[in-house]
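Asker: Mind looking over this structure? Questions follow.
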Amino acid sequence: MNKPTVQDIFLRFYPAYIEKYSPSPEQAKVSRNIMNCKTGAYGANVSICEDCGTVQIHYNSCRNRCCSMCQAVPKEMWMDARREDVLDAPYFHLVFTVPDILNPVIYSNQKQLYDTLYHAASATISELAADPKHLGASAGYICILHTWGSEMNFHPHIHTILLGGGLTQKNEWKDNGTEFFLPIQIISKVFRGKYMEELKNLWETGQLKFHGTAEKYRNHYAFKELLNACYSTEWIPYCKKAFNGAQSVIDYLGKYTHRIAISNHRIICMDEETVTFSVKDYRNKGQWKELTLSGIEFIRRFLMHVPPKRFVRIRHYGLLCSRSKRKKLTLCRNLLGCRKYISELHGKGMPEILKHLYDVNVCMCKACGGKLGKPQLRIPQRC
């Protein structure tokens, strides 16, 4: 099959996958949602044209954040809401990563050690930004967790969109122009120190679990060797050059906020046993190439990136913290002399949102162009 979807792959290979592996309850739920999305399993909205009597059926989606068919509208709505948080000022893209040798321990303790990534990244930025040697102000930033590489391998890292300035204690605006205000080498050392401090605390208080390839770290000496190896390894954060303009910031955010491990457009083909998809080879200047995996291995890799239940992947800090955001951003706009960007979708119903985003009129009959009656919800009988 050419250009299959993630749903097609799960429908074909998931029965074989569960014969070999035991998914967690959250992974099993995601799998069910993906296979049943827009099939009628979650009900349908039935509309009848008032002019010609044509019946139109719209099957409901699963709305799971890991489903490739359910991200487009939530992403657009989230981006639209963020318009009101963006200033006409420089922004930077900062990525925090950890050494690969920690991956087995992180995968065995996802909730705790994903949180540790956020804690270490936010503490690093807040501490260094407040230092008068670097900025001497409180900055605003968003942190987003990704756990995958291009090949769907396990690669936990934090994407941070960082405002290139902030408010001083005297409520004055301060920035460093288009130059990034934090030295990368210092970020690396401070981030490593804060992450390792929390990791050691979790270990010493017996809060870590060790499963699978992390089993060997149950041994005290093996874990001590792991800690020593992490301290002796250089942690390499990444910073992308500044980009200006509110719309460019919004568009850039959209590339990271609602991503899943793989989107449908990257999947090339599927046969009775394998799946082929495109991957970016970062060892070869980011060139695209094809990778073929067994269908079972594709699903195993995909499900590695299902986040823990109710885990919050997008978090706001500093000037963007919800408790004080409105007051502080208003002050920043007044100091910078920039206008507030207004949400285009706020207060609109879903038919209006779809019309605005995609120029699709779901209230119009496809057969005659007449008006569809109010949709009636049909729920399938539970088995």
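The values are calculated or read from the model by the stated rules, or taken from the named source; none is laboratory data. Everything numeric in this text was worked out from a predicted model, so none of it was measured. A quick note on method: Cβ atoms are made from the backbone with ideal geometry, for glycine too, and the neighbour counts reach across all protein chains shown.
Asker: Going through the range 175-208 one residue at a time, which ones are in contact with a Gly (Cβ under 9 Å, 6 or more places away or on another chain) and crowded, with 18+ Cβ neighbours inside 10 Å?
Answerer: Of everything in the range 175-208, those that are in contact with a Gly (Cβ under 9 Å, 6 or more places away or on another chain) and crowded, with 18+ Cβ neighbours inside 10 Å turn out to be 180, 181.
Asker: Can you pull out the strands (runs of 3 or more DSSP E) entirely within the range 225-288 that have at least 1 residues that are surrounded by fewer than 12 Cβ atoms within 10 Å (Cβ to Cβ) and assigned by TED's automatic domain parsing to the domain that holds residue 140?
Answerer: Passing ranges, in order: 238-243.
Asker: Looking only at the range 164-184, decide whether some residue is in a helix (DSSP H, G or I) and within 26 Å of the chain's Cα centre (by Cα).
Answerer: For the range 164-184, residues in a helix (DSSP H, G or I) and within 26 Å of the chain's Cα centre (by Cα): present.
Asker: In this structure, does residue 260 turn out to be modelled with pLDDT under 95 and β-branched (Val, Ile, Thr)?
Answerer: For residue 260, the condition - modelled with pLDDT under 95 and β-branched (Val, Ile, Thr) - is met.
Asker: Looking at (1) surrounded by fewer than 17 Cβ atoms within 10 Å (Cβ to Cβ); (2) out of contact with any helix residue (DSSP H, G or I) (no Cβ under 8 Å at 6 or more places or on another chain); (3) over 17 Å from residue 314 (Cα atoms), which one does residue 72 not meet, given that it meets all the others?
Answerer: Only one criterion is unmet by residue 72, namely (3).
Per-residue answers, yes or no, for (1) charged (D, E, K, R); (2) out of contact with any Leu (no Cβ under 9 Å at 6 or more places or on another chain):
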| position | (1), (2) |
| --- | --- |
| 288 | no, yes |
| 304 | no, yes |
| 362 | no, no |
| 374 | yes, yes |
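Asker: Scan the range 20-33 for residues that are in a helix (DSSP H, G or I) and either touching a helix residue (DSSP H, G or I) at 6+ places or on another chain (Cβ under 9 Å) or within 15 Å of residue 62 (Cα to Cα) (or both) and jot them down.
Answerer: 20, 26, 27, 28, 29, 30, 31, 32, 33
Asker: Something else: Given 115, 85, 51, which one is without any contact (Cβ under 8 Å) to a residue 24 or more places away in the chain and either more than 29 Å from residue 314 (Cα to Cα) or charged (D, E, K, R) (or both)?
Answerer: Answer to the selection: 115.
Asker: If you don't mind, another one. Within the range 340-362, count every residue that is touching a residue at least 24 places away in the same chain (Cβ under 8 Å) and in a loop (DSSP other than H, G, I, E, B).
Answerer: So the count comes out to 8.
Asker: Modelled with pLDDT of 95 or more and either out of contact with any helix residue (DSSP H, G or I) (no Cβ under 8 Å at 6 or more places or on another chain) or under 18 Å from residue 332 (Cα atoms) (or both): is that true of residue 221 in this structure?
Answerer: Considered against the rule, which asks whether it is modelled with pLDDT of 95 or more and either out of contact with any helix residue (DSSP H, G or I) (no Cβ under 8 Å at 6 or more places or on another chain) or under 18 Å from residue 332 (Cα atoms) (or both), residue 221 comes out as yes.
Asker: Within the range 343-360, identify whether any single residue is surrounded by fewer than 16 Cβ atoms within 10 Å (Cβ to Cβ), under 30 Å from residue 168 (Cβ atoms) and at pLDDT below 90, and answer yes or no.
Answerer: yes
Asker: Taking the range 329-342, which residues are among the aliphatic types (A, V, I, L, M) and either modelled with pLDDT of 90 or more or touching a strand residue (DSSP E or B) at 6+ places or on another chain (Cβ under 7 Å) (or both)?
Answerer: Within the range 329-342, 329, 331, 335, 336 meet the criteria.
Asker: Among the residues of the range 306-322, which ones are farther than 18 Å from residue 169 by Cβ and in a loop (DSSP other than H, G, I, E, B)?
Answerer: The answer is 306, 307, 308, 309, 310, 311, 312, 313, 320, 322.
Asker: In the range 192-224, how many are more than 13 Å from residue 102 (Cβ to Cβ), part of a helix (DSSP H, G or I) and touching a residue at least 40 places away in the same chain (Cβ under 8 Å)?
Answerer: 2
Asker: Of all residues in the range 1-31, how many are over 18 Å from residue 263 (Cα atoms) and either of a type in the set (A, V, I, L, M) or loosely packed, with under 15 Cβ neighbours inside 10 Å (or both)?
Answerer: So the answer is 10.
Asker: Mind checking which residues of the range 276-328 are under 23 Å from the mean Cα position of the chain (by Cα), of a type in the set (Gly, Ala, Ser), on the phi < 0 side of the Ramachandran plot and at pLDDT below 95?
Answerer: Across the range 276-328, the qualifying residue is only 322.
Asker: If I ask for residues that are crowded, with 18+ Cβ neighbours inside 10 Å and of a type in the set (Gly, Ala, Ser), which ones from the range 289-332 would you list?
Answerer: 295, 318
Asker: Then there's this: Within the range 350-365, how many residues are out of contact with any Pro (no Cβ under 7 Å at 6 or more places or on another chain) and farther than 13 Å from residue 74 by Cα?
Answerer: Residues that pass the stated criteria total 10.
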